[in-house]
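Undergrad: My structure is below; once you've seen it, I'll send some questions.
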Amino acid sequence: MSAVLMDGKLLASKVREEVKTAVAAMVAAGQAPPGLATVLIGDDPASEIYVRNKRRMCVEAGMQDHHQHLPGNVSHQEAIDLVDALAVNPLISGILVQLPVPGTIVAEELLSRIPAAKDVDGLTVANAGLLAQGLPGHRPCTPAGIVRLLDEYAVALEGATAVVVGRSRLVGKPMAQLLLERNATVTIAHSRTRNLTEVCRNADILIAAAGVPGVITGDAIRPGATVIDVGIHRDGNRLRGDVDFAAASKIAARITPVPGGVGPMTIAMLLANTLKAAQDRQEN
Ligand code: GUN
């Protein structure tokens with residue numbers, strides 16, 4: 001392997017420490033600590049693990065955990081009522097509805113009840129619109145964490161050719177917009193893209209968020225590229241990403257491992273957004 005490993009675990013712990021210090025300062029100044037309401041509907045095992053980790057790190061940062069768990073057969077109206085109550089609760093700085101939600105619930109309608117100021121996931125139409133227009137707002141956590149990681153490793157974004165594979169609301173689309181905001185030349189590739197390998201091979205910065213294990217093979221990597229792997233898939237008793245790590249790490253200049261790359265940054269940025277939401281509220 002010749003590529004430098006981009007250590008998201010290390011950077012995430014640094015970001016969480018910064019958040020923890022700022023939370024302690026708020027409390028020392030007599031303000032209420034930030035409160036995060038994670039909303040989990042149903043019993044999806046992967047979502048349960050994600051939410052448990054978010055809650056644990058929220059508490060470790062000195063924030064208040066206002067977790068809400070609704071059964072999978074809850075009515076749409078009950079779920080709406082819960083989010084509406086969280087929206088007006090002054091103890092709650094941020095609300096995160098874990099996706100996916102069961103089929104009986106319309107995710108868009110639930111998300112639309114979250115006030116933009118409490119949308120620490122950056123998923124509401126309001127925050128997506130602010131991002132699209134380059135205006136301040138909460139940015140989605142995974143792409144924001146990737147930009148932070150790229151900056152930590154001094155990856156030049158201005159003028160760079162960036163290819164984002166994937167166009168999801170959570171990662172692909174906002175990722176492309178954040179890279180554009182930093183003056184990269186951005187291509188969004190997806191499942192219908194022709195010649196995906198060729199498109200990827202142009203990339204100085206390749207963001208793999210396709211959700212398909214190993215879809216990015218070694219021949220899709222430009223020598224010297226920076227490769228960010230957003231995928232996380234269980235493969236027997238190990239985890240793997242969207243990138244063929246063994247092949248790509250011989251060609252790239254920098255690469256994120258799976259696990260320990262992008263994943264920890266998502267939670268760190270969630271905490272940073274929740275802190276910002278609480279600070280903004282104090283100021284207003
Ligand atoms: N499901 C998988 N990742 C995420 C995330 O970052 N936020 C939410 N709300 N749901 C998710």
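Coordinate-derived values only; no laboratory data. On a predicted model such as this, the values are computed, not experimentally measured, just so you know. Every residue, glycine as well, gets a Cβ built from its backbone with ideal geometry; the counts of neighbours run over all protein chains shown.
Undergrad: Only Cα pairs within less than 10 Å get springs; with that Gaussian network setup on the chain, which residue of L99, L179, L149 has the largest fluctuation?
TA: Judging by the Gaussian network model, the answer is L99.
Undergrad: With Cβ to Cβ distances under 10 Å as the rule, what net charge do the other residues near H69 carry (K, R +1; D, E -1)?
TA: Around H69, the charge tally is -2.
Undergrad: Could you tell me which of I114, L180, Q282 has its Cα farthest along the dipole of the chain towards the positive end, charges placed at Cβ (Lys, Arg +1; Asp, Glu -1), taken about the Cα centre?
TA: The residue sitting most towards the positive pole is L180.
Undergrad: Ok, one more. Using Cα-only point scatterers and the Debye equation, what is log10 of I(q)/I(0) for region 159-284 at each q in 0.16, 0.21 Å⁻¹, rounded to two decimals?
TA: Reported log10 I(q)/I(0), two decimals: -0.77, -1.20.
Undergrad: Identify which of N183, N237, N53 has the largest mean-square fluctuation in a Gaussian network model of the chain, with springs joining Cα atoms closer than 10 Å.
TA: Residue with maximal mean-square fluctuation among N183, N237, N53: N237.
Undergrad: Could you point to the residue in H76, Q64, G260 farthest towards the positive end of the chain's charge dipole, with +1 and -1 charges on the Cβ of Lys/Arg and Asp/Glu respectively?
TA: Highest projection toward the positive end goes to G260.
Undergrad: Moving on. I need the phi-derived Karplus couplings for region 230-237: 6.51 cos²θ - 1.76 cosθ + 1.60, θ = phi - 60°, integer Hz, Gly and Pro marked x.
TA: My calculation for region 230-237 gives 8, x, 8, 9, 7, 9, x, 9 Hz in order.
Undergrad: Mind checking which lysines have their C-alpha under 25 Å from K276, skipping anything on the same chain fewer than 8 residues away?
TA: K9, K14, K20, K54, K118, K173
Undergrad: Which residue fluctuates the most in the chain, going by a Gaussian network model with Cα springs under 10 Å, if the choices are D44, D65, D242?
TA: D44
Undergrad: Given H placed on each backbone N at 1.01 Å, which residues far from T161 in sequence or on other chains put an amide H within less than 5 Å of it?
TA: T185, D204, I205
Undergrad: Here is a further query. With the alpha-carbon atoms as the only input, what is the per residue convex hull volume for the chain in Å³?
TA: 128 Å³
Undergrad: I need the shape label for region 173-245. Rule: rounded when a/c is under 1.5, else prolate if a/b > b/c, else oblate, with a, b, c from the alpha carbon gyration tensor.
TA: Prolate, since a/c reaches 1.5 and a/b exceeds b/c.
Undergrad: Please arrange I80, I105, I205 by how many other C-beta atoms lie within 10 Å of their C-beta, fewest to most.
TA: Ascending Cβ contact count within 10 Å gives the list I80, I105, I205.
Undergrad: Another question about this same structure. Taking H as built 1.01 Å from N, whose amide H comes closer than 5 Å to the amide H of A189, not counting residues under 5 places away?
TA: V164, V165, G166
Undergrad: What residues have an amide H closer than 5 Å to that of G35, excluding those fewer than 5 places away on the same chain, when H is modeled at 1.01 Å from N in the peptide plane?
TA: Sorted by chain and number, the residues that satisfy this are Q64, S93, G94.
Undergrad: Can I ask one more? How many angstrom lie between the Cα centre of region 135-178 and the Cα centre of region 80-105?
TA: Computed from Cα coordinates, the inter-centre distance equals 26 Å.
Undergrad: Quick one: work out Rg over Rh on the C-alpha atoms of region 137-176, Rh as Kirkwood radius.
TA: 0.97
Undergrad: While we're on this one: Using the Karplus curve 6.51 cos²θ - 1.76 cosθ + 1.60 with θ = phi - 60°, what ³J(HN,Hα) values do you get for each residue of region 31-47, in whole Hz, with x for Gly and Pro?
TA: 8, 6, x, x, x, 10, 9, 8, 10, 10, 10, x, 10, 4, x, 5, 5
Undergrad: Taking a temperature of 25 °C and a viscosity of 0.890 mPa s, what whole-number D in µm²/s does Stokes-Einstein yield for region 210-284 with Rh from Kirkwood over alpha carbon pairs?
TA: Estimated via Stokes-Einstein, D reaches 176 µm²/s.
Undergrad: Convert 25 °C to kelvin, take the viscosity as 0.890 mPa s, use the Kirkwood radius over C-alpha pairs of region 1-88 as Rh, and evaluate the Stokes-Einstein diffusion coefficient in µm²/s, rounded to a whole number.
TA: It diffuses with D of about 160 µm²/s by this estimate.
Undergrad: Same structure again: How far is helix 141-152 tilted off the main Cα axis of the chain, in degrees rounded to 10, range 0 to 90?
TA: 50 degrees
Undergrad: Per residue of region 263-268, in order, report the coupling 6.51 cos²θ - 1.76 cosθ + 1.60 (Karplus, θ = phi - 60°) as ³J(HN,Hα) in whole Hz, putting x for Gly and Pro.
TA: In residue order, the calculated couplings are x, x, 5, 4, 5, 4 Hz.
Undergrad: Remind me, what semi-axes does region 51-165 give for its equivalent ellipsoid, largest first in whole Å, using sqrt of 5 times each Cα gyration tensor eigenvalue?
TA: With the √(5λ) rule applied to region 51-165, the semi-axes are 29, 17, 14 Å.
Undergrad: Place a +1 charge on the Cβ of each Lys and Arg in the chain and a -1 charge on the Cβ of each Asp and Glu, then give the dipole magnitude about the Cα centre in debye, rounded to the nearest 20.
TA: Roughly 500 debye, rounded to the nearest 20.
Undergrad: So what's the back-of-envelope 222 nm ellipticity for the chain, counting only DSSP H runs of four-plus at -39500 (n - 2.57) apiece and dividing by all residues, rounded to 500?
TA: -13000 deg cm²/dmol
Undergrad: Could you size up the charge dipole of region 33-98 around its Cα centre, putting +1 on the beta carbon of Lys and Arg and -1 on that of Asp and Glu, and report it in debye to the nearest 20?
TA: For this selection, approximately 260 debye.
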